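The values are calculated or read from the model by the stated rules, or taken from the named source; none is laboratory data. Predicted, not measured: the structure shown is a model, and the values here were computed from it. With ideal geometry, Cβ positions are generated from the backbone for all residues, glycine too; neighbour counts draw on all protein chains shown.
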Amino acid sequence: MSILDQPSSSSLSGGGVTRRQVWGLVGLLAAAIVAWLVFAIWPAWLNAILISKKAFVSAILNGLTLAGLYFLVASGFTLIFGLMRNINLAHGSLYLLGAYIGYEVTSRTGYWLLGVAAGFVVMAIIGVVMQVFVFRRLEGDDLRQTLVTIGISIVAADLMLAVWAGGTYQIATPEWLDGALTLPVITAVRSNGASVFLTYPLYRVVVLAAAIVIGVGLWLMLNKTRVGMMIRAGVDDRAMLSASGVNVHAVFAIVFAVGAGLAGFAGVVGGSALSVAPGEDVRYLLASLVVVIVGGMGSITGAAIGALLIGLAEQIGLVYFPTYGVVLTFVIMVVTLAVRPQGIMGKAR
Amino acid sequence: MHRRTLLALALFTGLTAPSMALAADDTIKIGLLATFEGPFTVLGEDGERGAMTAVAETNGTVAGKKIEIVKGSSDASPDSAVRAARKLVEQDGVKVLVGPLSGDEGLAVKDYAKTKPDVTFINGTSAAQDTTLRNPAENFFRFSTDGAQWMAGLGTYAFNEKGYKKVATVAEDYSFPYTQVFGFMAEFCKAGGHVPSKSWVPIGNKDFSSVIAAIPEDVDAIYVALGGADAVNFLTQYQQAGGSAPLIGGSITVDQTVLTSKGKLRDVLKGTPSAGPTADTNDAPAWKAFVDAYKKQPGAFPSPSLFAHGYYVNMKATLLALDQVGGDVSDGGKKLREALSKLSFDTPTGKVSLDKNRNAVADIFLTEVTEGSDGNLLNKLVKVVPQVNQTLGIPEDEFMKLGAVNRDNPSCP
């Protein structure tokens, strides 16, 4: 008894295990549990608790893809809001307008990729226009920026209602993105011994992949390139950057274009996975606000973590306690604000 | 000089015209409350088309007075409906109000009606059971039937004709879908069917894929009671997920507001049985005449949705009763309400009369989704269930013992 107790107590009290190692161990354990949950064939009691393996694994996968979508919207928001201190509450309108434009282009030309490109480009242009005509005039005046962008979002919502009416639009995905993937995950075993594999819509996997590629790209751009260096420098000390011969306004216009373009891109991609309808603008604005608050302002990694948490919480809530599912999202936000007000990856300023 | 006269004239008419309208006895104001914003916008717009069809039938006049329609907009939430009703009654001064559209709105407006005994409320299409069944308001009339009545015949049809023994349900989490599921299950469970799983999703939910994955795989069919954008999203994602179980539709799930949506959801909808207050392929001359009149409204669907129908029937009843009392509501609407409660008339979908709770007794149509000759999806008439009352033919005391509808009632796992 005492011999068995010996090693563990000595190693903890003696400081043989660092904090980092403990966290590593916890992480490893969590990864092992998740791997087991996904790949093992579930015993009956676990199925009884979590409805079914198919429901659970699907909820996790859906949480991941929804997180991908939220990340696409929120990454633009975090760039503009966090890095440039510009409060753009019309970001949701950019999402919705991008989706409508994507719908029009796709249904007229028949090329989905053209619709995606149009969503990005048109919103990027509108973003630059907003930066030049609105934000540059109101630089540093947070309250006026907030009010003006709320106004823009209300006007934009009514204009879009006038043009596209209240109907629900579905952007058609091309044939090669249709159908379902069979994943190497066994959800059940039939009585004749045959395994039932999990199928998952291919399109959603593509959404997730696109989000990851864009996330990594953004991180590389901000941290490894010259433009990224200029953006970071401009955020810290605009006057100094300007004095060293860089056109600060041009740099910020680029950031605004990328941020707004990403919202439009997400609109088309999201409108193909789900649907386009009035009210989506507010929904995605709220989602990206929560994601950015949880993840931390101005951090691409933070937006990814925030999107993951919110996406998973929403989908798991929807399956296991649908009536109170919405609460879960805001519990995460409240806990973050209480424990770490600057957000998970945010820097205290 | 000339210009100045014109200006004076314009000022004069501008100043006097509104006061003249207020003073004049030759117009009658009717409030029209529907969802012109939010997730049910499309439905509200079609409701308005229905109401305006009824107004157009009398050339915009009733009992020699001109009808003035004052619109109020809600977003399907109960508080927005009460706010809009309050604005119409207290600010615009309407004495007759037609609306609202959605279930929870109806419950809220009924409670508001109790505080305004001088105003007469006639339902739009809201179809929650307890708007009229339990604790009704004396001045709230419903000439459209409720969500449980709309399901008459569907449960038995699914069990006997389609052979479905186990059915899972997916519905929005508020009073109208509770009522619809109740109406379906009342018959289906009685016939011997089982409902092992019920999913209630928040209204306005976009991503249904996790809900779809949680539906048990061994069910024979899925009963779906979702409306507007929610139905479109569910059906699209069900198709994307390769769903193979056949569907059974709630009344507004296979309505024209959903059937006219573009996309691949059309494939999963074909052959879906449903029931409701209308059927697109109804051959009755009265229905055909109604469809023709409805199509004259701007932006009309190929066939009127049940919202157009419900608003039409309720507006028609309002105008008939107003005509009977000579458009006189100066007595706080007492005569009008008496006329309304005695009213029995032929609608495009058969005879309608009220019960003692001022809820309609009317014909219900069992339908199945088919593709029309022009490629539009239509609800093909399968069977008419004549004169369904609010207790679905069950004696009232027995029916009340079944309890109020909610998430868990009824239950037959």
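In segment B:186-223, the residue that is surrounded by the fewest Cβ atoms within 10 Å (Cβ to Cβ) out of those that are in contact with a Ser or Thr (Cβ under 8 Å, 6 or more places away or on another chain), among the hydrophobic types (A, V, I, L, M, F, W, C) and more than 14 Å from chain A (Cβ to nearest Cβ) is B:Ala191. The numbered conditions (1) in the same structural domain as B:Gly333 (by TED's automatic domain parsing); (2) more than 13 Å from the chain's Cα centre (by Cα) are all true for B:Leu154 except (1). Among the helices (runs of 4 or more DSSP H) confined to segment B:192-275, the ones with at least 3 residues that are among the aliphatic types (A, V, I, L, M) are located at B:209-214, B:228-240, B:265-269. Screening segment B:289-348 for residues that are hydroxyl-bearing (Ser, Thr, Tyr) and assigned to a loop (DSSP other than H, G, I, E, B) and picking the one that is farthest from B:Leu378 (Cα to Cα) gives B:Ser330.
Only residues that are within 25 Å of A:Gly167 (Cβ to Cβ) and surrounded by 24 or more Cβ atoms within 10 Å (Cβ to Cβ): list them for segment A:286-313, please. Of everything in segment A:286-313, those that are within 25 Å of A:Gly167 (Cβ to Cβ) and surrounded by 24 or more Cβ atoms within 10 Å (Cβ to Cβ) turn out to be A:Ala287, A:Ser288.
So that you can scan it fast, the table gives a plain yes or no per residue for (1) more than 14 Å from chain B (Cβ to nearest Cβ); (2) touching a residue at least 24 places away in the same chain (Cβ under 8 Å):
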residue	(1), (2)
A:Gly98	yes, yes
A:Phe133	yes, no
A:Arg137	yes, no
A:Met160	no, yes
A:Gly166	no, yes
A:Glu175	no, no
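One line per residue, one yes/no per condition, for (1) exposed (fewer than 15 other Cβ atoms within 10 Å of the Cβ); (2) touching an Asp or Glu at 6+ places or on another chain (Cβ under 7 Å):
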{"site": "B:Leu343", "(1), (2)": "no, no"}
{"site": "B:Pro348", "(1), (2)": "no, no"}
{"site": "B:Val361", "(1), (2)": "no, yes"}
{"site": "B:Thr367", "(1), (2)": "no, no"}
{"site": "B:Gly403", "(1), (2)": "yes, no"}
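Within segment A:263-280, does at least one residue satisfy the condition of being within 13 Å of another protein chain (Cβ to nearest Cβ), modelled with pLDDT under 90, crowded, with 22+ Cβ neighbours inside 10 Å and more than 22 Å from A:Asn62 (Cα to Cα)? The answer is yes; a qualifying residue exists.
Residues being under 17 Å from B:Phe176 (Cα atoms), modelled with pLDDT under 90 and away from chain A (no Cβ under 11 Å): count how many of those fall in segment B:228-253. Summing the residues that are under 17 Å from B:Phe176 (Cα atoms), modelled with pLDDT under 90 and away from chain A (no Cβ under 11 Å) in segment B:228-253 gives 1.
Out of curiosity, is A:Ala124 within 23 Å of the chain's Cα centre (by Cα), surrounded by 14 or more Cβ atoms within 10 Å (Cβ to Cβ), in contact (Cβ under 8 Å) with a residue 12 or more places away in the chain and within 14 Å of another protein chain (Cβ to nearest Cβ)?
no
The residues on offer are A:Val73, A:Val38, A:Val57, A:Val34, and the sole one that is touching a strand residue (DSSP E or B) at 6+ places or on another chain (Cβ under 8 Å), in a helix (DSSP H, G or I) and within 30 Å of A:Leu262 (Cβ to Cβ) is A:Val57.
If the condition is being within 13 Å of another protein chain (Cβ to nearest Cβ) and within 16 Å of A:Glu314 (Cα to Cα), then segment A:281-298 contributes A:Arg283, A:Tyr284, A:Leu286, A:Ala287.
If you check A:Gly63, A:Gly110 for being within 14 Å of another protein chain (Cβ to nearest Cβ) and on the phi > 0 side of the Ramachandran plot, only one passes: A:Gly110. When you scan segment A:178-193, how many residues do you find that are aliphatic (A, V, I, L, M) and at the interface with chain B (Cβ under 10 Å from one of its Cβ atoms)? Count: 2. Residues considered: B:Ala279, B:Ala308, B:Ala321, B:Ala275. Of these, the only one that is out of contact with any strand residue (DSSP E or B) (no Cβ under 9 Å at 6 or more places or on another chain), buried (at least 24 other Cβ atoms within 10 Å of the Cβ) and away from every other protein chain (no Cβ under 14 Å) is B:Ala308.
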